[in-house]
Amino acid sequence: MVPESTPTAPSTTEFPYLTPVLVKYTGGDRILNNTNISSEAEKYFLFQTQKIFETNTSGVYQIEASLIFRSSGFYYHGNHTRRNSLKFAFDGFWSQYSGKLCMVGSASWYSNGGNLINLDAVLKLNYPMNLTIFNSLITGKLESLASPNDPNYFEPVSLFEFVSSGYYQYSSSNYKYSLVSGKFDSDCRGGIDIPKNQSLGLNPGLLCYTMYSWQNDVFNLEYLNECSSLKNCTPLGRDDNDDLPSKMTLNTIQCSEKEHKVQHVIKFGSGYQYLGFDPNTTLIGEGSWDEKKHQLCIVACRFLNSTDSLDNTRVGDCSIRLSLWYPAFWTIRNRTSILGQIWTNKTANESGYFNRITFRSRDNSMAVVSGLRYEYTVTEKVRKSCPFNKPVIKKGNRYPKWNSDDLAFNMLVEDSTGNHSWSWSKAAPTFFGDQNYVLKQNPFSTLTSMNGTIAVEGKSTHHGPLNITYAISPYQTSSATSVIFNSTLDISAEGLYDEGTGRVCMVGCRKLSTGESMDCELLLKFQFPPVNAKGAGQITGSIESMREEADPLHFKHLEMTGWVYYREEAKRSVQRLDWEIVMVLISNTLACVFVVLQIFYVKRNPQVLPFASLFMLVILTLGDMVTLVLNFEALFLGNRKRNNVSLGGQGWLEVNEVIVRAVTMVAFLLQLRLLQLAFSARLGDENQKGIWIAEKKALFVSTTLYVSGLLFALFLNTRNLISYGGLILDGFLLPQILLNIFHISKENALSHPFYIGTTCVRLLPHVYDLYRAHNFARVQLDGAYLFANPYVDFYSLTWDVVITCGGVLFTVSIYLQQRFGGQCILGRRFREVEVYEKVPVTSSEQ
């Protein structure tokens, strides 16, 4: 095949120089375990070049490469599960002039008995030279070098690739288009002549961009009703109509902007069968865009002789035609971005003839061409069903403008009869009057049309109800909903929106489960909350059937609840986050300052150190430690809910999070140092037996109160124990108060800046939460809180007031105890009993 030559120097030549588009292999059952692969489309291989060298023979190159067989199938080997993946390492020669490749190599593999064996093989491939649709094939074989009786022998493997000159190249200089001339009447003779005003034109400079935008999009096929009884309905060359494909994909593999021509791979199937490559259900074609008719014409060919062996597979029978166009109008019944048809130029008596097939993109799932318009057909019906009389409007309320981005929302639809049917759905406008909402929302996914563009005004000047259309698509639906509704909640609707009241009323159409028919007797009503309401507003509404109850398509009243987060409120929330960053930094810095002042205080007054509550200091230290752990968990595990929201100052937030962690670390180390000083002072004084006894009593009472509170919180089904820990931190002075009571201490163990300042730091979030609750929603930006986080403490109107009053009460108690004695806050009767008990002890000692 190729003369063996001597390598001379490394080469910069690219090989393989063609891009694989369709890949398949057959054979090699002994080593590739094909019996465990459920679908022929799952068999594929990959050829990778490692090194390439020039040789002493002109046009001949030495190549080192690997051939990898992979599939999604698995097989069992002993007690282990192995993926069907086999890699050969090859060395050989390729002739640039003949296109032939010959290589030898080997691979390691396990036999059925579990022994590691060596597979020696020869690889022979034929590469095309001048590319056309008929010779864009790479074929060849992988053969064993062992004898058939050798345990290392395997059956020959036939290899097949359909290639292009460059998948992502807009110019196909190495490919010659041979099927299409660029004239629709000659290339697609027999197609439907669409009036020019019924289809949209494309800017020639965006033809390839348009074609590549179709990648992996799915078209639904629609057959004639007679196909249930007649033959000749399938474009796949079969004589019967068993298992007609319902889906089609149209993938662009190369495009020439200069010639206005394109090459496509067309796959047919049902379900997800079209995702793989099967020569029997795949067509290859060339297309050209006709600027006058605003249509794409495709001439398609079949793969022939692919049943027995891939060696003889070739492209032929180019009798299939496809035409596609962008409809100029949408209606409530038809929101298809692309329409098309498939037919054959053969006569009814010829083999391979089939009846005309129409196809359409799945609703509005594909890119939309600007210039698309909407024809409103049920507006009068809406006005009769929902009279828009001028209601009494609450003064000061503002509702979303008709051209704003606030009219799309998620919603939960539930059956009002208690049958537990529900559906999570997304409702999004498609048109406001003549304005294209899809184009406004995602201008980069739209295709500029020669018919002109639609500009969406930034300022609303419209008054009164405005025409509007919606597309409602389900995320998740219960089985009960499908039964009651006789379909999924996939609805197209048109009607009126009054931006003065936030009211929407529409007539909708739904596709029925029984076929392509539609039920357009739906009445939808939505009520938007005011824009100037706090936070994420709730939308209420309903979906009703306007049919009689005896009608089989009638369904029970459905209630709808939606949630919308207006952009105006989102901006205010981002401002709130900026303020919270500042407040976090200030409060954490002040906490450090107050601890430093306490350390300086005990340095100057070391005699007071033993009288500081160790349990109180442990609580403060653990509080900072838990905060650090949670912050680092969020840092390394990415468990930050607010990352689900796009914030303009994301970098600013990240920088300040690092600063906050650093300040919290300093506060933790300072608290740890204060705890160490107090514990050392307590241990170093042998005369402090009484303070240890008082500490134990304070610990017992505090722990009892904390455990009782925890049990009560669990009884109330409070799941967030971290919040309960925050409550304990808010009352950090309790152990010190109890210690002062049991020890009857008058020592100024705590400096005024420490216990007053630390209390203020703990109470500041609750004071801020009262302000935030009055001015912002409690649920914002998917739970993004940087200060006064409800996940780490109890925050509500009641809790904020109770905790603030409690903190002030504890602070006053410490002040009184350090001035008048530990029991001054108790009733006189308790103080007298304590004095009465101490007198005999003192008298006895004297």
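The values are calculated or read from the model by the stated rules, or taken from the named source; none is laboratory data. Please read these numbers as outputs of a predicted model, since none were measured by experiment. A quick note on method: Cβ atoms are made from the backbone with ideal geometry, for glycine too, and the neighbour counts reach across all protein chains shown. Note: accessible area is taken over every heavy atom of the protein model, side chains too, but ligands, DNA and RNA are not part of it. Shrake-Rupley method; radii C 1.70, N 1.55, O 1.52, S 1.80 Å.
Looking only at strands (runs of 3 or more DSSP E) that fall completely inside the range 268-348, which ones have 1 or more residues that are small (Gly, Ala, Ser) and within 29 Å of TYR25 (Cα to Cα)?
Here the list reads 282-290, 295-304, 314-327.
Name every residue in the range 422-445 that is open to solvent by 40 Å² or more (accessible area, probe 1.4 Å) and at pLDDT 85 or above, in order of residue number.
Correct list: LYS426 only.
Filter the range 286-317 down to residues that are free of Cβ contacts under 8 Å to residues at least 24 places away in the same chain and in contact with a Lys or Arg (Cβ under 9 Å, 6 or more places away or on another chain) and give me whichever is least open to solvent (accessible area, probe 1.4 Å).
Checking each candidate, the answer is LEU304.
Within the range 87-102, work out how many residues are of a type in the set (Ser, Thr, Tyr) and free of Cβ contacts under 8 Å to residues at least 40 places away in the same chain.
Residues that pass the stated criteria total 1.
Could you look through the range 1-33, keep only residues that are open to solvent by less than 20 Å² (accessible area, probe 1.4 Å) and of a type outside the set (Ser, Thr, Tyr), and pick out the one that is farthest from SER66 (Cα to Cα)?
LEU22
Enumerate the pairs (first residue in the range 688-717 and among the aromatic types (Phe, Trp, Tyr); second residue anywhere and assigned to a helix (DSSP H, G or I) and surrounded by 13 or more Cβ atoms within 10 Å (Cβ to Cβ)) with beta-carbon separation below 7 Å, excluding pairs fewer than 6 apart on the same chain, so at least 6 apart or on different chains.
TYR706/ILE728
Could you grab me the full set of residues in the range 601-621 that are without any contact (Cβ under 8 Å) to a residue 60 or more places away in the chain and under 17 Å from ALA667 (Cα atoms)?
VAL618, THR621
Would you check if there is a residue in the range 699-722 being open to solvent by 80 Å² or more (accessible area, probe 1.4 Å), assigned to a helix (DSSP H, G or I) and modelled with pLDDT of 90 or more?
yes
Name every residue in the range 509-535 that is open to solvent by 60 Å² or more (accessible area, probe 1.4 Å), of a type in the set (Lys, Arg) and either modelled with pLDDT under 90 or out of contact with any Asp or Glu (no Cβ under 9 Å at 6 or more places or on another chain) (or both), in order of residue number.
LYS511, LYS534, listed by residue number.
Could you tell me whether any residue of the range 664-685 is farther than 19 Å from LEU620 by Cα, outside any helix (DSSP H, G or I) and modelled with pLDDT under 90?
Looking through the range 664-685, at least one residue is farther than 19 Å from LEU620 by Cα, outside any helix (DSSP H, G or I) and modelled with pLDDT under 90.
Could you list, in sequence order, all residues of the range 305-321 that are at pLDDT below 90 and either of a type outside the set (Asp, Glu) or over 16 Å from SER158 (Cα atoms) (or both)?
ASN305, SER306, THR307, SER309, LEU310, ASN312, THR313
I'd like to verify a number: residues in the range 138-152 that are in contact (Cβ under 8 Å) with a residue 24 or more places away in the chain and either within 20 Å of VAL180 (Cα to Cα) or surrounded by fewer than 17 Cβ atoms within 10 Å (Cβ to Cβ) (or both), how many?
Result for the range 138-152: 3.
Among the residues of the range 172-219 satisfying the criterion of being in contact with a helix residue (DSSP H, G or I) (Cβ under 9 Å, 6 or more places away or on another chain) and hydroxyl-bearing (Ser, Thr, Tyr), which is least open to solvent (accessible area, probe 1.4 Å)?
Ranking the candidates gives SER213 first.
Taking only pairs six or more apart or across chains, which ones have beta-carbon atoms under 6 Å, a first residue in the range 554-580 that is over 15 Å from ALA408 (Cβ atoms), and a second residue that is among the acidic types (Asp, Glu) and open to solvent by 70 Å² or more (accessible area, probe 1.4 Å)?
So the pair list comes out as GLU559/GLU414.
Filter the range 202-235 down to residues that are more than 26 Å from TYR175 (Cβ to Cβ) and at pLDDT 80 or above and give me whichever is nearest to the chain's Cα centre (by Cα).
Across the range 202-235, the extreme among qualifying residues is VAL218.
Which ones in the range 56-67 are among the polar types (S, T, N, Q), over 19 Å from VAL122 (Cβ atoms) and either touching a residue at least 24 places away in the same chain (Cβ under 8 Å) or crowded, with 20+ Cβ neighbours inside 10 Å (or both)?
Across the range 56-67, the qualifying residues are ASN56, THR57.
Among MET560, MET616, MET625, which is within 38 Å of the chain's Cα centre (by Cα), under 30 Å from TRP692 (Cα atoms) and either among the aliphatic types (A, V, I, L, M) or open to solvent by 10 Å² or more (accessible area, probe 1.4 Å) (or both)?
Unique residue meeting the criteria: MET625.
Among the residues of the range 536-552, which ones are of a type outside the set (A, V, I, L, M) and either surrounded by fewer than 20 Cβ atoms within 10 Å (Cβ to Cβ) or within 20 Å of CYS386 (Cα to Cα) (or both)?
Those that are of a type outside the set (A, V, I, L, M) and either surrounded by fewer than 20 Cβ atoms within 10 Å (Cβ to Cβ) or within 20 Å of CYS386 (Cα to Cα) (or both): GLN538, THR540, GLY541, SER542, GLU544, SER545, ARG547, GLU548, GLU549, ASP551, PRO552.
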